[in-house]
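The values are calculated or read from the model by the stated rules, or taken from the named source; none is laboratory data. As the structure is a prediction and not an experimental result, all values here were calculated from the model. Don't worry about glycine lacking a Cβ; one is built from the backbone with ideal geometry, like all the others, and counts go over all protein chains shown. Each accessible area value is taken on the protein alone, full model and side chains, heavy atoms only, with ligands, DNA and RNA left out. Shrake-Rupley method; radii C 1.70, N 1.55, O 1.52, S 1.80 Å.
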Amino acid sequence: MKRLATWQDKCVDSQLLVVSLVGLFKQRGFDCHKLLRGTGIFSPDIRKPGHFVSPKQLLRLVDNALSMWTSGDLSFLLGQMWLPSQSGALTTGLFYARDLNALGLFWYKYHWLTQPWLQCWRWQGDSETHFLLSLDLGCHQRQQFFIELSLSSLVASCKQLMGQSWQGRLSFPYGAPANLAQYYKYFGTEISFDAPLCRVSMAKTFMQQPLLAAFREPGLLQSPRYALLASDARRGLASGIRIHLMRDNLSLPQMAAKLEMSPATLKRRLGEMQLSFGQLADETRLIRALYYLATERQDAHSIASALSFSDASNFRRSFKRWTGQLPAYFHHWLA
């Protein structure tokens, strides 16, 4: 696994979201000195190739922006700008995708380049493809903003690439927000709240529809150029821990050893991002449990065993603590 980015690592390309955010504020006549205050980000630097900011700087910038922009639509406006202004090196590859299936696989492989705050899990149901989204780099501290931003960029990009409105269902891992009208405007009516995780669901038939792009050069998405772009990509610390936990039930000391650091250092680095190892372990167990629940052959006893619970009752109690519901309630959530 490549080196994992922490709170202080400069790993977010400033020419994408940061430039778009500053440009939008300038366009609307906001005070950009106030926007950048306390971030350690300076206007002359952000347009320079190879300039990166840390998650700490990015979160401070978003905090400043949200305190100044009071209309509740900032994330949605930025999401409309993702293709092409924020998709960066991905733009060409996106336009060569034959359908949403190909586009989704390409984005999944290279999304660190433009949306490094996301971690995506894919599940193929009987009639729908489901994507579960987790946040990385400490961006859970602004969960609603980054989920709105990411999903509005998805919906807007689909419309541009397909020439038709996006079709699918969205579930949000928080209660109905104050800016609910924006959700209906940008996402339609197939939305729900208080979900255990952020979920995007699209019908297989919709994902197989051809895109409008005129470029059809075979093999571009597997070209050395994009392999080179991916070679420098890193995951964030939370993302890397979740991946290890998806493969094995590890304790904190075991995880620290995997990551070649002491348990105290791992706790400190997670604490900088307002995370704990227990939170990540519970979230990963929940994701695995949802996958198991979508498989008809699995029952509570086998799931409990796979997740290293002592018995089915202990698993049910933990699942209800995570979601507010018993496992049976989610048997068809990823159907």
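Compute the label zone of Phe30 within region 74-117: residues whose backbone N is under 18 Å from the point 7 Å along Cα-to-Cβ. Counting backbone N atoms under 18 Å from the label point, the list is 74-82, 86. Under 18 Å of direct C-alpha separation, and excluding same-chain neighbours fewer than eight residues apart, Lys159 reaches these lysines: Lys185, Lys204. With every protein chain in place and a 1.4 angstrom probe, the accessible-area ranking of Phe193, Phe206, largest first, reads Phe193, Phe206. Other residues within the sphere of radius under 14 Å centred on the Cβ of Ser67, judged by their own Cβ, net out at +2 (K and R +1, D and E -1). Straightening the chain between Leu105 and Asp194 buys 29.3 nm, computed as 0.36 nm per residue apart minus the Cα-Cα spacing. Averaging 1/r across all pairs of distinct Cα atoms in region 236-330 and inverting the result yields a Kirkwood radius of 14.1 Å.
Sequence-ordered 3J(HN,Hα) estimates for region 174-182 from the Karplus curve with 6.51, -1.76 and 1.60 and θ = phi - 60° stand at 7, x, 4, x, 5, 9, 4, 4, 5 Hz, glycine and proline given as x.
Compute the separation of the alpha-carbon centres of region 57-130 and region 292-335 and state it in Å as a whole number. A separation of 31 Å, based on Cα centres. Applying a threshold of 24 Å to the alpha-carbon distances of Lys48/Lys258; Lys34/Lys56; Lys10/Lys267 flags Lys48/Lys258 as lying beyond it. On a per residue basis, the chain carries 46 Å² of accessible surface, using protein heavy atoms and a 1.4 Å probe.
Taking Asp45, Asp248, Asp194 and ordering them by how much accessible surface each has at a 1.4 Å probe, largest first, produces Asp194, Asp248, Asp45. Other residues whose C-beta falls under 12 angstrom from the C-beta of Thr295 contribute a net charge of -1, scoring Lys and Arg +1 and Asp and Glu -1. Counting only other residues whose beta carbon sits under 15 Å from that of Leu132, what net charge do I get with K and R as +1, D and E as -1? Overall, the nearby charge balance is +2. The peptide list 64-73, 104-113, put in order of mean Cβ contacts within 10 Å with the highest first, becomes 104-113, 64-73.
Maximal additional length on extending the Lys10-Lys185 stretch stands at 59.5 nm, based on 0.36 nm per residue less the C-alpha distance. Placing dummy labels 7 Å off each Cα toward the beta-carbon, the span from Lys48 to Gln298 is 4.9 nm. Inter-part distance, region 22-50 to region 139-188, computed on C-alpha centroids, equals 25 Å. DSSP bridge analysis restricted to the chain gives an antiparallel fraction near 85%, rounded to the nearest 5. With a simple spin-label model that places each label point 7 Å from the Cα along the Cα-to-Cβ direction, the separation between Leu66 and Gln279 comes to 1.3 nm. Computed from the Cβ-Cβ distance with R0 of 45 Å, the FRET efficiency linking Gln167 to Ser313 stands at 0.65. Helix-only arithmetic for the chain: the sum of -39500 (n - 2.57) across DSSP H runs with n ≥ 4, divided by the residue total, places the mean residue ellipticity at 222 nm at -14000 deg cm²/dmol.
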